[in-house]
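Q: Could you have a look at this structure, given as structure tokens, before my questions?
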Amino acid sequence: MLSDTQVLVNTDSADLITSIEQLRSVLPAITDSMAATMAGIAQRYTFRLPRFYAEKILLNDIHDPLWALALPNAGELADTGEERWDAFQLADRAVNHPRWIQKYRYEALLRVTDFCSGLCRYCYLKNRDVTPGRISHQEIDAMFDQAEQSPQRRELREIILSGGDPLAVPAGVLEHFAMRMDRLNKTVSRRITVTIHTREPVWYPQRILGNAALHQALKKLSPASYILHVVHPREVTPELHQAMLALTELSDSRRPLMMSQHPLFRGINDSAAIITDMYDRMDSGPVVFKPYYLIHPFPDGTLPEHRLTLLESQKILRDLASAPGTRVPLLTIPTPMGKCVIGPYEQLTDRGGYYLLHTKDGVPVQYAISPHYDPAETREHIPIMPEIHRAAVV
């Protein structure tokens, strides 16, 4: 069976740019020396970019800040390549499978593929310990057979489809997942909803628009919500609005909630003015949307020149906090033990090089004040199934 990469690159070869030479035909401002650097980086970290994004969103200007998000650059070599964020899982999770990530009793995340139509240069999962290829029907059955027999299924409230990008998998995969979700929900008294995390409508909205097979699969799956990965105001295109409308109109009755999330990056979207502009553009379309997560930069993956301190991220949230409540996101801090959320005026105290934060489940986390990744903090130093006690703040 062909991999997702082979299938999509073969069938959409005119729409996906996969070499620096192709890229220069769209962005001639790339100099010879820049092209040589990009080609060298692409040998270590794969490069792929939808032509739509290169032509409609990027500027032919070497000072365009979005180049750092989408094009290979030397800053990537500072990334240690140590993936930590899925290292911790519950000991009594509902399913034991490499694609099933469960940090919380009420929520599981499935990595259905390692493929995205475009590759974010800051992605913390690139070149990491990620299950390769796309999920098979057999893997879906194996996971859901376990889930149907697990007593922990009764605590599940949500299953998140992530990846890679779940909207880049064949429609048959999503249809099979929909069938197994229906079966699983017949075994519980409280419905387990589905959320889809995706950047595909930003990268490559044509994959969503007019795709009858994908539409049929999503209609059967009936996700409760979509979380769009939108980073900058220029990424909010008319085509994105059309794709959002197409996704919401697939349901005849219970339409999905459309939300957005985005990491913060110094020099790119590190101001309330830029983020408000992005929200205004998102809200100008035909679909009602809700800002969801404002994500403090991952210490691993985020290019060094784009990292913010936690106090700087909190200042951006504070500047956004006076907007109507429906337009104010949650500031979330990724940690190996789960997401921590802080408020705009929460007092952060230096306890000797770290802040004491708590995950959504109340697990205490010593979060290093330095924005730089510590190479000593590798997967081997994080227990996979630790005994976590929800200790009081001391």
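The values are calculated or read from the model by the stated rules, or taken from the named source; none is laboratory data. Bear in mind the structure is a predicted one, so any value in this text is a computation, not a measurement. With ideal geometry, Cβ positions are generated from the backbone for all residues, glycine too; neighbour counts draw on all protein chains shown.
Q: Report yes if some residue within region 99-109 is of a type outside the set (Asp, Glu) and in a helix (DSSP H, G or I); otherwise report no.
A: no
Q: Being modelled with pLDDT of 90 or more and assigned to a loop (DSSP other than H, G, I, E, B), is that true of even one residue in region 325-341?
A: For region 325-341, residues modelled with pLDDT of 90 or more and assigned to a loop (DSSP other than H, G, I, E, B): present.
Q: Residues to consider are Leu308, Leu356; find the one that is within 21 Å of the chain's Cα centre (by Cα) and in the same structural domain as Glu235 (by TED's automatic domain parsing).
A: Only one candidate passes the filter, namely Leu308.
Q: Can you find a residue in region 231-242 that is within 20 Å of Val341 (Cα to Cα) and either touching a Ser or Thr at 6+ places or on another chain (Cβ under 7 Å) or at pLDDT 95 or above (or both)?
A: yes
Q: Any idea how many residues of region 344-365 are within 29 Å of Tyr106 (Cβ to Cβ), exposed (fewer than 14 other Cβ atoms within 10 Å of the Cβ) and free of Cβ contacts under 8 Å to residues at least 24 places away in the same chain?
A: Here the count works out to 1.
Q: Here is a follow-up. Does region 287-295 include one or more residues that are farther than 19 Å from Val341 by Cα, in contact with a Lys or Arg (Cβ under 9 Å, 6 or more places away or on another chain) and not hydrophobic (A, V, I, L, M, F, W, C)?
A: No, because not a single residue in region 287-295 is farther than 19 Å from Val341 by Cα, in contact with a Lys or Arg (Cβ under 9 Å, 6 or more places away or on another chain) and not hydrophobic (A, V, I, L, M, F, W, C).
Q: Need the failing condition index for Ala87 against (1) in a loop (DSSP other than H, G, I, E, B); (2) of a type in the set (Gly, Ala, Ser); (3) modelled with pLDDT of 85 or more, just the number.
A: Against the list (1) in a loop (DSSP other than H, G, I, E, B); (2) of a type in the set (Gly, Ala, Ser); (3) modelled with pLDDT of 85 or more, Ala87 comes up short only on (3).
Q: May I ask you to verify whether Arg255 is in contact with a helix residue (DSSP H, G or I) (Cβ under 7 Å, 6 or more places away or on another chain) and in contact (Cβ under 8 Å) with a residue 40 or more places away in the chain?
A: Here the answer is no, as Arg255 does not meet what is asked.
Q: From Tyr279, Tyr293, grab the single residue that is crowded, with 17+ Cβ neighbours inside 10 Å, outside the structural domain of Pro65 (by TED's automatic domain parsing), modelled with pLDDT of 95 or more and within 19 Å of Leu125 (Cα to Cα).
A: Tyr293
Q: Then there is this: Please verify whether Val169 is of a type in the set (A, V, I, L, M) and either farther than 20 Å from Ala147 by Cα or in contact (Cβ under 8 Å) with a residue 40 or more places away in the chain (or both), treating the condition exactly as stated.
A: yes
Q: Moving on to the next point. Listed residues Leu303, Leu311; which is closer than 27 Å to Thr335 by Cα, touching a helix residue (DSSP H, G or I) at 6+ places or on another chain (Cβ under 8 Å) and not hydroxyl-bearing (Ser, Thr, Tyr)?
A: Leu303
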